[in-house]
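Before any comments, here is the structure.
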Amino acid sequence: MNRFVTAERALRTAAPHELLDAVRRVLAEQYAARAAELLMADYGLTVLQAVSPLPHSPEPLPVHGSTPGRAFGAQEPLVEPDRDGLVRVHLPVTVRGDRLGVLSVTLPDDELAQSGLAELSEIAEVLGHEIVVAERDTDLYLQARRKDRLTLAAEMQWQLLPGCSCTHAEYELGAQLEPAYAIFGDNFDWSVTADHLMLYVTNGMGEGIEAALLTNLAINALRNARRAGLSLADQAALADQAVYAHYRGRSYLSVLMFDFELATGRVRVVDAGSPQMLRLRGGTVERIAFEAQLPLGMFEETDYVTQEFQVEPGDRLVFVSDGVYAVADPQGEAYGDVALARAIQSTRLLPAAEVPRAILRELTGHRGRPVPDDDALVVCLDWHGR
């Protein structure tokens, strides 16, 4: 383990933009590695792109159809033979379930047998944690995540998100937005404590910068209220007042708000608009309807009330915006509950982090064209319970 401690110290003390140089150096010195490459998943979760100074970016690798992509999707290290007694080890770079990319290391086969995959996987995990910290001070890793240029509205929205997936003893979460490089209004947020998971699924009105500004105001108002220790209903009321004070009812925001009690599975919910929830339980998919209340900011000083329902171990909850269930095919037929239930059934064996992307792929087939007219948001929650 002395080698691992040396590797960990090298990453912890490296400058934010020099993490890849540090991991290459320590892997070469301590593990006889011949090469190391860091591949970051793009915003659309379709390709893996090497971290390198712009504009010198190598050709990206597809997530579906490449060995590093298989390691990324399975979240397991994969080994493939290279030339002259060398092997390439592809190690997922993941932080608390949030999948960032893959570290690909070329080293002698006998060195792999000596060090084992576990030690190399731990180095990849430390690298992931350091990337998250380094992104406060450098754009290098964020630049590697984009295969196309983000619109300004999309830039604002991605910076607002907590991540695209996370895992906890009681649950697994995965989420994805489309179009990844041109989103403007839809959003999700979550926060966990020792006893509670709070989850928010929002569907903002409007387009472009105006929609992004509205969502930023509402999400930060909700966070401000949550961090002050307010209840779910009071969070909604405070955010409602903040949005109305600025827009005076001209713009408003739909949101589904959840407070999951981790120990019991009891859930409090405020339904303030159009996002919907479907539940897969025991092989059956059904839409769970709540008492609809006014969107945030539509009128002055709206009062909100919470409802309750129960989740059970093994439940899968899928949350979608109207850019999913209301999308029409070329003949004008909406996607709707039937198609959504079919998509949820067909993805039931995938982990929660993979489900949103898979459902959005099926939605593209229904729509009949690659570019959507509206934001589409899918969030998947697998409940394990205590």
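The values are calculated or read from the model by the stated rules, or taken from the named source; none is laboratory data. Quantities reported herein were computed from a predicted structural model and do not represent experimental measurements. Note: ideal-geometry Cβ built from the backbone for every residue, glycine included; neighbour counts use all protein chains shown. All accessible areas refer to the heavy atoms of the entire protein, side chains included, with ligands and DNA or RNA removed. Shrake-Rupley method; radii C 1.70, N 1.55, O 1.52, S 1.80 Å.
So with the 1.4 Å probe, I'd like the accessible area per residue for the chain, rounded to whole Å². Show your work: numbers first, answer last.
Values: 16700 Å² over 386 residues.
Counting only protein heavy atoms, the per-residue value for the chain is 43 Å².
Starting from the coordinates of the alpha-carbon atoms of the range 230-385, obtain the Kirkwood hydrodynamic radius over all distinct pairs and give the value in Å to one decimal.
16.7
With volume of the Cα convex hull per residue in Å³ as the read-out, I listed (i) 172; (ii) 151; (iii) 122; which label goes with the value calculated from this structure?
(ii)
If I build a Gaussian network model for the chain, linking alpha-carbon pairs within less than 10 angstrom, which residue out of Asp109, Asp189, Asp271 has the largest mean-square fluctuation?
Highest fluctuation among the options: Asp109.
Ignoring everything except DSSP H segments at least 4 long, calculate the 222 nm mean residue ellipticity for the chain; use -39,500 (n - 2.57) per segment, divide by total residues, nearest 500.
Mean residue ellipticity at 222 nm (helix-derived): -11000 deg cm²/dmol.
From Cα pairs below 8 angstrom and at least 6 apart in sequence, can you work out the relative contact order of the chain, rounded to a whole percent?
Dividing the mean separation by the residue count of the chain yields 14 percent.
Test of understanding: what is the full-extension gain from Glu207 to Lys147, defined as 0.36 nm times their sequence separation minus their Cα-Cα distance?
Going from the current span to full extension adds 19.3 nm.
Computed FRET efficiency, Cβ-Cβ of Ala228 and Leu160, R0 22 Å: what is it to the nearest 0.05?
So, using R0 = 22 Å, E works out to roughly 0.70.
With just the Cα atoms defining each centre, how far is the range 305-358 from the range 139-174? Give it in Å.
Between the Cα centre of the range 305-358 and that of the range 139-174, the gap is 21 Å.
Pull out the extension gain between Asp82 and Glu291, defined as 0.36 nm times the separation in residues minus the alpha carbon to alpha carbon distance; nm, one decimal.
69.4 nm
Can you give the FRET efficiency for Phe299 and Asp373, using 1/(1 + (r/R0)^6), R0 = 41 Å, r = Cβ-Cβ distance, to the nearest 0.05?
Details: r = 28 Å, r/R0 = 0.69.
For R0 = 41 Å, the calculated efficiency reads 0.90.
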